[in-house]
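Reviewing the structure listed below.
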Amino acid sequence: CNWRRSLKLYGQVSAVMDELEKQGYKFLFLTLTIKNCSAMALSSTIDILLKGFTKLFHDNRRVKKAVKGFFRSLEITKNKQTGEYHPHLHCILAVKSTYFKGDYITQAEWAEIWQKCIDTEYLPVIDIRRIKSGGKGVSGAVREVAKYSVKGSDFLNSSDIDETAETVSDFLKALSFRRLVSFTGVFADIRKQMKLDDIEDGNLIQTDIDNIRSDVAIAIVRYGYKN
């Protein structure tokens, strides 16, 4: 089911980006992180992450002016050595071409703004980069946001059933009843105009990839082999 949801995400994000590109929008790929946490703290850490994201894009005036819409996906990985979890957010941002002139925000500034949003004493690691049209940048960014939160290959371990069961239990407690992906602003507007199916509860037989752009199609194949 996660794999088919990933395919659905590929198709929908690709289609929306195609339409936004026609309207003159440019894209940024943003990764937002927070310090690793224990299983006990995973749910509360995700709360901080998602509330911080809301503050970033809805309450911060500078970001609100510069970013016209975004697609956001939550991903969680587990450090096999320490047993800690690493929740983080992958986002594709839609901006006008004027962003690179008057509205530009540097990576250091993004980090400082994000630090205030999640209210930490440390400066969190963030990554922000421009996605170049029609190249590997687009497919790579879509591949990252379309992972759909967790991959079975990251935690299913046939040689240690107890550890696997514990990890699955941790994910269930932390992720149940959460909206793991979201479209906002112009991303949501175009998605609504195109009448695209719901990612969480929609049809997984039809995965919306009939007319997927070639660079994203290549990414699907590569990610499929990896997965």
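The values are calculated or read from the model by the stated rules, or taken from the named source; none is laboratory data. On a predicted model such as this, the values are computed, not experimentally measured, just so you know. Backbone-built Cβ (ideal geometry, glycine too); neighbour counts: all protein chains shown. With ligands, DNA and RNA removed, areas are computed over all heavy atoms of the protein, side chains included. Shrake-Rupley method; radii C 1.70, N 1.55, O 1.52, S 1.80 Å.
Tabulated results
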| quantity | calculated |
| --- | --- |
| Residue count, region 106-120 (criterion: of a type in the set (S, T, N, Q) and under 20 Å from N36 (Cα atoms)) | 2 |
| Pair list, Cβ under 7 Å, 6 or more apart: region 168-180 residue within 12 Å of M40 (Cβ to Cβ), other residue open to solvent by less than 20 Å² (accessible area, probe 1.4 Å) and part of a helix (DSSP H, G or I) | D170/L42; A174/L42; A174/I46 |
| Among residues of region 80-89, those that are closer than 14 Å to E166 by Cβ, at pLDDT below 90 and either under 17 Å from the mean Cα position of the chain (by Cα) or not charged (D, E, K, R) (or both), counted | 1 |
| Residue match in region 83-96 (condition: surrounded by fewer than 20 Cβ atoms within 10 Å (Cβ to Cβ), touching a residue at least 40 places away in the same chain (Cβ under 8 Å) and basic (K, R)) | yes |
| Residue count, region 97-112 (criterion: surrounded by 17 or more Cβ atoms within 10 Å (Cβ to Cβ) and farther than 15 Å from R129 by Cβ) | 0 |
| Members of region 166-197 that are aliphatic (A, V, I, L, M) and surrounded by 16 or more Cβ atoms within 10 Å (Cβ to Cβ) | A174, L175, L180, V181, V186, I190, L196 |
| Some residue of region 28-41 being open to solvent by 20 Å² or more (accessible area, probe 1.4 Å) and part of a helix (DSSP H, G or I) | no |
